Amino acid sequence: MPVEFISAVHTDSGASGPAASARTGFDPDYVRRYARALDDGGFDHTLVAYHSASPDALQLAQFVATNTERIRPILAHRPGVVFPTHAARALATLDRISDGRLSLHIISGGSDEEQRREGDYLNKAERYERSDEYIQILRKVWTSDGPVSHEGKYFRFEGYRSDVKPVNGLVPVSVGGSSQDAYRVGGQQGDIFGLWGEPLKETAEQIAAVNAVADAAGRPHPRIWVSFRPIIAPTDELAWEKAHRTLGVLKDQVTGAGTEPLRHYRTNGRPANVGSQRLLDIAERGEVHDRCLWTAPAVATNAAGASTALVGSPETVAKALLDYVDIGCDLLSIRGYDPLNDAIDYARYVVPLVRQELAHRASTTQAA
């Protein structure tokens, strides 16, 4: 599979980073402009994130699909909110609307605090079990020619059928996380597995853990999706100056000193999810890792989501991304703390460098 680039939809021009949609919640003109910039800039996918306080992700994904021509929405979805039969039908409908461009990102939920905001009181292990069952039901509904019945630990129904099916028979399913439960569900069920940006050594270890589960299940290895928040400038020195200015803004948001505090998006105390814990532990070992992986934003935001940065010139950041390609990552998520402007800059200065080097490698291999 080719190496592909992922961005993430932001819904309000006044918000930055984890504070997305803090002002008006949803600005249709801004989202339309943002999605089209990703489409025109050559991004392959864009994450449509989910949070209990955010605009509805399913409707937002449809908005993106109907206002673009090629970019593929990756819809984040919580199994505890919508019953799987309804989800299967809704997702197949959206896939039809998008002409087969939809992918699904299953969020089992790493924070009890956030899950309970929408009435989900299962513990973390149970949530991952539910996700496993949920994915199986989705695929059963999508591929069945007749009525489907199911009796499992978390869901039970009889004689369900859907007249609408995904364009290509199935919608690709992504699973993410850094816990053993996540590796198990991702290895057994995922077409894609999502990771936050950790150092190369730790990332390779996580990939190996997921692949080992897939091997034991007799399944193909999931494609690996890794996420960063690059901070670029014409030179490495200027990029680091920009990085420290960005860090100051993030700290102001956390404390509420800025115009847009993080509000709902930062949990209190040490995060409950393993992915955030890992980022904070890595930050304790050092602020900069490998070529240019910077952990200070993770500390500033209490690792609220994908928050580690790659800092440097476009050439430095492109080389860092290729380091991750070399260890098995073929879906590169790059989104900035100044979302629209950063996406435009990545498309102009970073994405072409990565693709040129990959094309050069491919032609060299063919010649050899």
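The values are calculated or read from the model by the stated rules, or taken from the named source; none is laboratory data. A quick note: this is a predicted structure, and the numbers were derived from the prediction, not measured. All Cβ positions, glycine included, derive from the backbone under ideal geometry; neighbour counts span all protein chains shown. In case anyone asks, the SASA skips ligands and DNA or RNA and just uses the protein heavy atoms, side chains included. Shrake-Rupley method; radii C 1.70, N 1.55, O 1.52, S 1.80 Å.
Quick rundown of the values:
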item	result
Residue in the range 183-201 that is open to solvent by 50 Å² or more (accessible area, probe 1.4 Å), touching a Pro at 6+ places or on another chain (Cβ under 7 Å) and closer than 25 Å to residue 91 by Cα present	yes
Hits in the range 302-334 - residues which are out of contact with any strand residue (DSSP E or B) (no Cβ under 7 Å at 6 or more places or on another chain), under 17 Å from residue 47 (Cβ atoms) and open to solvent by less than 10 Å² (accessible area, probe 1.4 Å)	307
Long-range neighbours under 7 Å by Cβ, at least six apart or interchain, first residue open to solvent by 100 Å² or more (accessible area, probe 1.4 Å) within the range 357-368, second at pLDDT below 90	none
Residues of the range 229-241 satisfying the condition of being among the charged types (D, E, K, R) and either without any contact (Cβ under 8 Å) to a residue 24 or more places away in the chain or not in a helix (DSSP H, G or I) (or both)	229, 237, 241
Residue in the range 76-99 that is under 27 Å from residue 338 (Cβ atoms) and of a type outside the set (A, V, I, L, M) present	no
Qualifying residue in the range 183-195 (condition: in contact with a Ser or Thr (Cβ under 9 Å, 6 or more places away or on another chain), acidic (Asp, Glu) and at pLDDT 95 or above)	yes
Selection within the range 103-131 - over 27 Å from residue 165 (Cβ atoms), among the hydroxyl-bearing types (Ser, Thr, Tyr) and either in contact (Cβ under 8 Å) with a residue 60 or more places away in the chain or in contact with a Pro (Cβ under 8 Å, 6 or more places away or on another chain) (or both)	111
Qualifying residues in the range 313-350 (those that are of a type in the set (S, T, N, Q) and not in a helix (DSSP H, G or I)) - the one farthest from residue 301 (Cα to Cα)	313
Counted residues, the range 289-301 - those being within 15 Å of residue 199 (Cα to Cα), open to solvent by 30 Å² or more (accessible area, probe 1.4 Å) and without any contact (Cβ under 8 Å) to a residue 60 or more places away in the chain	1
Which numbered condition residue 315 misses (of (1) at pLDDT below 95; (2) under 18 Å from residue 5 (Cβ atoms))	(1)
